[in-house]
Amino acid sequence: MKFPVEWILLALTPVFLLFVGWELWRLRRQGRLSIYDWRDSACCAALGLLHQGADKLAWVLTLPLYGWIFHHHRVFDFSDSWLSFFALFVVQDFLYYWFHRVSHRVRWLWAAHSVHHSSTRMNFTTAFRQSLMYPVAGMWAFWLPLAWLGFPPEQVVAVVLLNLAFQFFVHTQIVPKLGWLEYVFNTPSIHRSHHAKNPRYIDHNYAGVLVIWDRLFGTFVEELDSEPCEYGTVKPVDSFNPLWVSVAEWRDMLAEAWRADNWRDRATALFGPPEAAEEAAARQRARLSGRRQAA
């Protein structure tokens, strides 16, 4: 019986949990167990399970579209070889870089992706902190070019999930910088910088597996000992309720779009950069305050 590739991440769960246990053991020996908070980790685990449910539903709904593009509109016919699978890995990682970058710069996608950044902790359980709203945000659309190029849908799903599986291992504070590897691969140090809310680090290091894209497109920043990473989002989500964490930014975004006085501010609230949306919301609050004072 063929293994259903959609279950790759769940199949790897025992491996992930072993690494969580190893990290806890190491932190206990170092006297740094405060890096963990059981409420935060429980929230991350629940978010991971919610995400997996939404992800499976998304694949069921979108795989027919991938199949239709592959069977009727593919550009190339790749041989079933390790070379073509490697090409798929590189192209998918390139597309992941752009998905990740857009997810930080377009509010609609940030509403989903911000869930992953909402923890003030950085440990292996933070990797479980995913959004059940990714299908609504449109994550699946970023992989459609892979089917158009000629990669079979099942291979596309497998590479997407293996990319995400790799990223579990960069969510930790116990691994130092890794020398020359950081010129090629995403590493814990590189990803710690990505999760930091310090002005120096915000909106950098979008790598999935390969950091070459960040270095090529000018979005790489190095983690500095002189400026320790502070984790979380600029606009905090002060809750351990996984459902609330999942929808908090969506609620704010839709409420700001509804209250906007004009279509420009409404579009900014939905699709502008997060900071531009916040500025538009602040202008709207100022206008409302002025009207109340005038009344």
Search the range 179-220 for residues being in contact with an Asp or Glu (Cβ under 7 Å, 6 or more places away or on another chain) and assigned to a strand (DSSP E or B), and hand back the single one that is surrounded by the most Cβ atoms within 10 Å (Cβ to Cβ). 196
What do you reckon, is residue 268 within 30 Å of residue 186 (Cα to Cα) and either surrounded by 13 or more Cβ atoms within 10 Å (Cβ to Cβ) or not assigned by TED's automatic domain parsing to the domain that holds residue 131 (or both)? no
Scope the range 227-257; condition farther than 15 Å from residue 197 by Cα, outside any helix (DSSP H, G or I) and out of contact with any Asp or Glu (no Cβ under 8 Å at 6 or more places or on another chain); matching residues: 238, 239, 241
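For the subset of the range 1-15 comprising residues that are assigned to a loop (DSSP other than H, G, I, E, B) and modelled with pLDDT under 85, which member is surrounded by the most Cβ atoms within 10 Å (Cβ to Cβ)?
Only one residue fits best here, namely 4.
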Odd one out for residue 81, checked against (1) buried (at least 16 other Cβ atoms within 10 Å of the Cβ); (2) hydroxyl-bearing (Ser, Thr, Tyr); (3) more than 13 Å from the chain's Cα centre (by Cα): (1)
For helices (runs of 4 or more DSSP H) lying entirely in the range 25-143, having 1 or more residues that are modelled with pLDDT under 95 picks out 38-73, 82-105
Whichever residue in the range 94-133 is touching a helix residue (DSSP H, G or I) at 6+ places or on another chain (Cβ under 6 Å) and charged (D, E, K, R) and, among such residues, is surrounded by the fewest Cβ atoms within 10 Å (Cβ to Cβ): 121
Given the conditions (1) of a type in the set (A, V, I, L, M); (2) surrounded by fewer than 16 Cβ atoms within 10 Å (Cβ to Cβ); (3) within 16 Å of residue 171 (Cα to Cα); (4) more than 21 Å from the chain's Cα centre (by Cα), every one holds for residue 75 apart from (3)
Which one of these is modelled with pLDDT of 75 or more, more than 20 Å from residue 114 (Cα to Cα), of a type outside the set (A, V, I, L, M, F, W, C) and assigned to a helix (DSSP H, G or I): 264, 292, 287? 264
Of residues in the range 134-178 being within 19 Å of residue 11 (Cα to Cα) and touching an Asp or Glu at 6+ places or on another chain (Cβ under 8 Å), the one surrounded by the fewest Cβ atoms within 10 Å (Cβ to Cβ): 163
Residue that is at pLDDT 95 or above, under 30 Å from residue 89 (Cα atoms) and either in contact with a helix residue (DSSP H, G or I) (Cβ under 9 Å, 6 or more places away or on another chain) or among the acidic types (Asp, Glu) (or both), where the choices are 215, 200: 215
Here the residues within the range 251-263 that are crowded, with 19+ Cβ neighbours inside 10 Å and of a type outside the set (D, E, K, R) are 253, 257, 260
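The values are calculated or read from the model by the stated rules, or taken from the named source; none is laboratory data. Everything numeric in this text was worked out from a predicted model, so none of it was measured. Heads up, the Cβs are rebuilt from the backbone with ideal geometry, glycines too, and the neighbour counts pull from every protein chain shown.
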